[in-house]
Amino acid sequence: MLIQPLGHSVLSWFWLAQLLNIFIIAFAIRMLLKYIWRTPAMPVIGTFLLVILVGNALGQLGFYTFGYLLSNLTPILFVSVVVIFHEEIKDLLGTLGRNIRRYIGHRDMIEKSEIESLVECCILLRKLHLGGLFVVERDESLENVYGDPVMLDKLELDPPLVASILQPPGPLHDGAVIISNGKIVGARAILPLSRKTFFGRSRANRPSAALGTRHRAAIGITEVSDAIAVVVSEETGNFSISHNGILEENVGLEELGDRLMELTSEGKES
């Protein structure tokens, strides 16, 4: 005979629903912590939760007035967090939407020849000791993301041409090169810098102060869009790839093309 806690069978829908509730809430908390863990929002939200816990604890211990005051601060703190961190909340919802679309949506295939041309551009920049930041546009338009670009008329992704664009002290050498459908559509684009205070996963794990502006801009543009960014370091000649707000540093020449093909093919239908 099956045990029936609270009047429901262990195998009933009631208990399955409770397990699903726990799983969904735990997953949501995990994703929220993962997103805000190393951002300026984390200390504020931590303080917010501490005030709620202290208020409830004081109320239970008999400090009714103090507990009452702290408990009534909760709505004010909640509204304050929403107002102060509305950009982070917007980015979080955008990231969630992009992740859902990545798995159930469809995006046009980026040709292998386009990836090869981009890799050749990176190789030439390394040989010439030039730095560069390339942003590969995918489903989401970047027109409302980057600022003050020089729009170009779909120029070919030609290594000598790219090198001439990024050669100092030319007027287009600073900022990002925007690539859409295998063509150069913009240069000198100003990208949003990442607000994270700590970067990295497997390839890099260090404070933001250790990263240059190009790398922080590469992370920033991939935090707010589904674009992929490629950085060529002027100082070291190393290649880096940023996607979904994640920075992969010191990508080898042999794997650069393969990694870009892998990332640009994610979420595509066969």
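Nothing in this text is a laboratory measurement; each read-out follows from the coordinates by a stated rule. If you're wondering where the values come from, they're calculated on a predicted model, not measured in any experiment. We place every Cβ from the backbone using ideal geometry, glycine too, and count neighbours over all the protein chains shown.
Quick notes on this one:
- Overall form of segment 112-264 per C-alpha gyration tensor (a/c, 1.5; a/b vs b/c): rounded
- Gap separating the Cα centres of segment 40-56 and segment 111-125, nearest whole Å: 48 Å
- For the peptides 230-242, 120-132, 52-64, 213-225, residues were scored by their other Cβ atoms within 10 Å and the scores averaged per peptide; the highest-first order is 213-225, 230-242, 120-132, 52-64.
- For segment 61-77, the residues whose amide N sits under 19 Å from a probe point set 7 Å from the Cα of ILE52 along the beta carbon direction are 61, 67-77.
- Couplings 3J(HN,Hα) for segment 230-235, derived from phi with the Karplus relation 6.51 cos²θ - 1.76 cosθ + 1.60 (θ = phi - 60°), are 10, 10, 10, 6, 5, 6 Hz, where x marks Gly and Pro.
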